[in-house]
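The values are calculated or read from the model by the stated rules, or taken from the named source; none is laboratory data. Quantities reported herein were computed from a predicted structural model and do not represent experimental measurements. All Cβ positions, even for glycine, are placed from backbone atoms using ideal geometry, and neighbour counts span all protein chains on display. Note: areas computed on protein heavy atoms with side chains; ligands, DNA, RNA excluded. Shrake-Rupley method; radii C 1.70, N 1.55, O 1.52, S 1.80 Å.
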Amino acid sequence: LELGRIGEARANFSSVQAEWPGTRHSQEAVIGEAECAYREGEYVKAEKLYDSAFNRAAGPAERSVLRYSLAWASLKQKSFERARVIFLETARDYPGEPVAPFATYRAALCLLDLGKPAEALAELRSAEEKNPGHDVAEWSAYSRGWIFLTQGRYNDAKAAFRSLMDSYPDGRLVAPAAFLFAAAMFQERHFADAEREFVSFADRYPSSGL
């Protein structure tokens, strides 16, 4: 599977399930087959397989990951309400597992797809506050800034991007945040300030590709 030979991997996973039904090997094969289906864009099948594996999962660590994967399969089908419900259930039922903060973040983004930006902004703010120092906090700040920018709320956008840059100076999103901070100034027609920020951005992040 990791080599990209998905057809062979699926055949092997099916063989394992047939040879060792009801065993741990079979469970891992079901998960593997679900991953194959997901990678090939067969999201309905992936969802069914993730659900089957979830019902036989060994403990909360595995169940949380499978539930999160199930939500992603729903999201890929553009079943935004269903995906949101599953993301929220994952965060609620497995609060101590690593996927919980990511599930909360993704549930908030589903609100955007459902045409509810105000609710999305509130939940992203909550996710940022509840997960200080976590990747999710950085992503939430960036997402809030992006939403504000698309709404023409340039002061709010700059505040969100500035918060990200100050709080996560070595973060993965600090370069695009700095770029969009300058872009917000440009949209405000503060051209001299925007030029200064763009020049500063180019000096600080010469390899950003932006």
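For the pairs LYS45/LYS78; LYS45/LYS130; LYS45/LYS76; LYS76/LYS116; LYS116/LYS158; LYS76/LYS130, note any where the Cα-Cα span goes beyond 23 Å.
LYS45/LYS130; LYS76/LYS130
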- request: Convert each backbone phi in the range 52-68 into a coupling constant with the Karplus relation 6.51 cos²θ - 1.76 cosθ + 1.60 (shift: θ = phi - 60°), then list the ³J(HN,Hα) values in order as whole Hz, x for Gly and Pro.
  value: 4, 5, 4, 5, 10, 5, 7, x, x, 4, 6, 4, 5, 5, 5, 5, 5
field: Selection from LEU114, GLN27, ASN155 lying farthest towards where the dipole of the chain points positive, charges on Cβ
entry: LEU114
statement: For the pair ARG56 and ILE6, the simple spin-label estimate (label points 7 Å beyond Cα toward Cβ) gives in nm 2.3
statement: In terms of the alpha carbon gyration tensor, root eigenvalues a ≥ b ≥ c, rounded if a/c is under 1.5 and otherwise prolate when a/b exceeds b/c or oblate, the range 113-210 is oblate
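What number comes out for accessible area per residue over the chain if the probe is 1.4 Å? Units Å², please.
For the chain, the solvent-accessible area averages 53 Å² per residue.
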THR150 paired with SER15, simple spin-label distance in nm, labels 7 Å along Cα-to-beta-carbon: 4.6
- line: So ALA118 and ASP170, fully extended at 0.36 nm per residue minus their Cα-Cα distance, gain in nm 15.8 nm
message: Using only the alpha carbons of the chain, what is the convex hull's orientation-averaged projected area in square nanometres?
response: 13.3
- line: Carbon and sulfur atoms account, in whole percent of the 1.4 Å probe accessible area of the range 60-210, for 53
query: Want the number for GLU129 to ARG24: 0.36 nm per residue separation, take away the alpha-carbon distance, what's left?
result: 33.9 nm
- prompt: Taking the Cα centre of the range 1-148 as origin and charging only Cβ (+1 Lys, Arg; -1 Asp, Glu), how large is the dipole, in debye to the nearest 20?
  reply: 280
- prompt: Ordered by residue, what ³J(HN,Hα) values in Hz, to whole numbers, does the range 10-23 give under the Karplus form 6.51 cos²θ - 1.76 cosθ + 1.60, where θ = phi - 60° and Gly and Pro are x?
  reply: 5, 4, 5, 5, 5, 5, 5, 5, 6, 7, 10, x, x, 9
message: Please list 3J(HN,Hα) in residue order for the range 31-43, calculated via the Karplus relation 6.51 cos²θ - 1.76 cosθ + 1.60 where θ = phi - 60°; whole Hz, with x for glycine and proline.
response: 4, x, 5, 4, 4, 4, 4, 4, 5, 8, x, 8, 6
